[in-house]
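Only the coordinates and a few stated rules stand behind these numbers; no lab work does. Bear in mind the structure is a predicted one, so any value in this text is a computation, not a measurement. With ideal geometry, Cβ positions are generated from the backbone for all residues, glycine too; neighbour counts draw on all protein chains shown.
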Amino acid sequence: MAAPKVAVVGAGVVGLSTALCIAETCPSCSVTVLSDQFSPNTTSDVAAGMLIPHTYPGTPIDVQKQWFKETFAYLFALSNSTEASEAGVHLVSGWQIFKNTPTPKEELPFWSDVVLGFRPMSEAELQKFPQHQFGQAFTTLKCDCPPYLLWLEKRLKATGVQMYTRKVADLWELHSEYNIIVNCTGIGAHQLVGDEKLFPVRGQVLKVHAPWVKNFIRDGDGLTYIYPGIHRVTLGGTREKERWSLSPDPGTTKDIFDRCCSLEPSLRGAQDIKVKVGLRPSRWCVRLEKEVSSRGGVKLLVVHNYGHGAGGFSVHRGTAKEAARLVGECIAALQGSSSRAKL
Ligand code: FAD
């Protein structure tokens, strides 16, 4: 059989990292990325890119932990390489704080032994947050976007992956050109494959200039957070289920800014405030599976990898590796059927 042709649809953090994993694990494949938008116009560009996992209720915790571990290990190595600044990947230390006594799961989250130096905050540290009773200190990683997406694109080009701007209305339209389709369309999968289980959770954030803020602060309810990046600090946020609007809401901007200033009063001096909105592609569980559909006796091999909700950065490399493994299974099946056809 000739080199298998794989199309990855979507160019957010999931699509680009999946295309890279496929190109790395299957060098004989011809990989193409097709997307209607590239950086800086994807949801992934809006994200803070912090590696603090979100829990997917429908995915076993050991699987989520494995995805997070693989992502953390990959980005830790990158943060320790000469490419760290170009890739926008860096370590960041800080605090997750709780107003009320946390539940046992909050007190010792499943990812506590993957991040570095996880420990309860001391009384002295908690004095910084007089409204909060309990907190955790740890060091994690952050991907700045767009630099991380641009770094992935550069790696893909260097490995010979083609990238084209194209809106795909139906995965079947790719059937005659490609052997395997990988669906990494994020919230776009709602329309593309009619997934009713996928819904948007709208998030509004502010990206500000406040270079003196060096530590992250996250309220345990996940609503208010301050995540310093290399050039900008991301202030958040909102979680609005089923709201599709991409227009910034000025009242929300003020509310986010006030909430963040109550945690870090020096932010009152922040400058150059830019407002961004993104739709988290949310689902009970990430859809990471093979699907063989058929029309009139013709088969279409699809690997789905979407629905990463609020945690796409935290698990992207782990889910990309699994998607690449599933693509490998599809290739083995295609090679098996082509050699049977020759007999
Ligand atoms: P996207 O980035 O949306 O990419 C989808 C791609 O598919 C796009 O390129 C799009 O153009 C393309 N596409 C869609 N439909 C079609 C079609 N029909 N034809 C062709 N192309 C198509 N996660 C974390 O881990 N840490 C964080 O700190 C964090 N902060 C966040 C803050 C906010 C405000 C938001 C909104 C999200 C945050 N997230 C965070 C979540 C994270 O952004 C997402 O989980 C992640 O970006 C999803 O990536 P994706 O590649 O699946 O989707």
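List the residues, sorted by chain then number, that are 5 or more residues from PHE134 or on another chain and whose placed amide H is less than 5 Å from its amide H.
For PHE134, whose amide H was placed from the backbone, the distant partners under 5 Å are PHE98.
Over the chain, calculate the relative contact order: mean separation of alpha carbon pairs under 8 Å at least 6 apart, over the residue count, as a percent. Could the numbers behind the result be given before it?
Values: 709 pairs, mean separation 87.0, N = 343.
Across the chain, relative contact order equals 25 percent.
Calculate how steeply helix 13-25 sits against the longest principal axis of the alpha-carbon atoms of the chain, using the helix alpha-carbon long axis, and give the answer as 0 to 90 degrees to the nearest 10.
Computed tilt is about 50 degrees.
Calculate one ³J(HN,Hα) per residue across region 129-138 by plugging θ = phi - 60° into the Karplus curve 6.51 cos²θ - 1.76 cosθ + 1.60, and present them in order as whole Hz with x for glycine and proline.
10, x, 7, 10, 9, 8, x, 10, 10, 6
Connecting C-alpha atoms closer than 10 Å in a GNM of the chain, tell me which of GLY117, GLY203, GLY251 has the biggest fluctuation.
Checking each option, the largest mean-square fluctuation is seen for GLY251.
List the lysines whose Cα lies under 16 Å from the Cα of LYS299, skipping any in the same chain that are fewer than 8 positions away.
LYS299 reaches LYS5, LYS290.
With just the Cα atoms defining each centre, how far is region 79-146 from region 188-235? Give it in Å.
16
Highest mean first, what order results for 15-22, 48-55, 128-135 on Cβ atoms within 10 Å?
15-22, 48-55, 128-135
Longest exposed-loop-site-free stretch of the chain, with GluC sites (Glu not before Pro), DSSP loop and at most 11 other Cβ within 10 Å?
1-176
Taking the Cβ-Cβ separation of TRP172 and SER81 as r and a Förster radius of 41 Å, what is the calculated FRET efficiency to the nearest 0.05?
Numbers: r = 41 Å, r/R0 = 1.00.
Once the sixth-power term is evaluated, E becomes 0.50.
Using the 4.7 Å Cβ rule, please list in number order the cysteines from the chain without any candidate partner.
CYS21, CYS143, CYS145, CYS184, CYS260, CYS261, CYS285, CYS330
Please give me the summed charge of the neighbours of GLY229: other residues whose Cβ is under 9 Å from its Cβ, Lys and Arg +1, Asp and Glu -1. Please report the intermediate quantities before stating the final value.
On the way: positive: LYS142, LYS207, ARG232; negative: ASP144.
Local net charge: +2.
Please list, by residue number, every one of the chymotrypsin sites (Phe, Trp or Tyr not before Pro) in region 235-343 that is coil in DSSP and has at most 12 other beta-carbon atoms within 10 Å.
Details: sites: TRP244, PHE257, TRP284, TYR306, PHE313; in loops: TRP244, TRP284.
Of the chymotrypsin sites (Phe, Trp or Tyr not before Pro), the ones in loops of region 235-343 whose Cβ has at most 12 other Cβ atoms within 10 Å are TRP244.
Starting from the exponent 0.38 and prefactor 2.2 Å, build the expected Rg for the chain from its residue count and divide its actual Cα Rg by it.
1.03
Across region 215-222, in residue order, what do the Karplus-derived ³J(HN,Hα) couplings come to in whole Hz, using 6.51 cos²θ - 1.76 cosθ + 1.60 with θ = phi - 60° and x for Gly and Pro?
Values per residue, Gly and Pro as x: 10, 7, 9, 10, 6, x, 6, x Hz.
Tell me which residues come under 5 Å, amide H to amide H, from PHE216 once H is placed; ignore anything under 5 positions away on its chain.
Amide H to amide H, under 5 Å and 5 or more residues apart or across chains, PHE216 pairs with SER93, GLY94, TRP95.
Run the simple label-point estimate for ILE61 and ASN41 please: 7 Å along Cα→C-beta, distance reported in nm.
The answer from the label model is 4.2 nm.
Between VAL213, VAL292, VAL315, which gets the highest mean-square fluctuation from a Gaussian network model of the chain, Cα cutoff 10 Å?
With Cα springs under 10 Å in the chain, the top fluctuation among VAL213, VAL292, VAL315 is at VAL292.
Against the longest alpha carbon principal axis of the chain, how many degrees, from 0 to 90 and to the nearest 10, is the axis of helix 147-158 turned?
20
What FRET efficiency, computed as 1/(1 + (r/R0)^6) with R0 = 51 Å and r the Cβ-Cβ distance, is obtained for LEU223 and VAL298, rounded to the nearest 0.05?
0.60
I'd like the trypsin sites (Lys or Arg not before Pro) in region 249-321 restricted to DSSP loop residues with at most 14 other Cβ atoms within 10 Å, sorted by number.
Answer by residue number: there is no such site.
Could you compute the FRET efficiency for ILE230 and ALA333, with r as their C-beta to C-beta distance and R0 at 30 Å, rounded to 0.05?
Efficiency, from the Cβ-Cβ distance: 0.10.
Any idea what diffusion coefficient region 126-229 gets from Stokes-Einstein, in µm²/s, Kirkwood Rh on alpha carbon pairs, 25 °C, 0.890 mPa s?
Result for D is 133 µm²/s.
What residues have an amide H closer than 5 Å to that of PHE110, excluding those fewer than 5 places away on the same chain, when H is modeled at 1.01 Å from N in the peptide plane?
none
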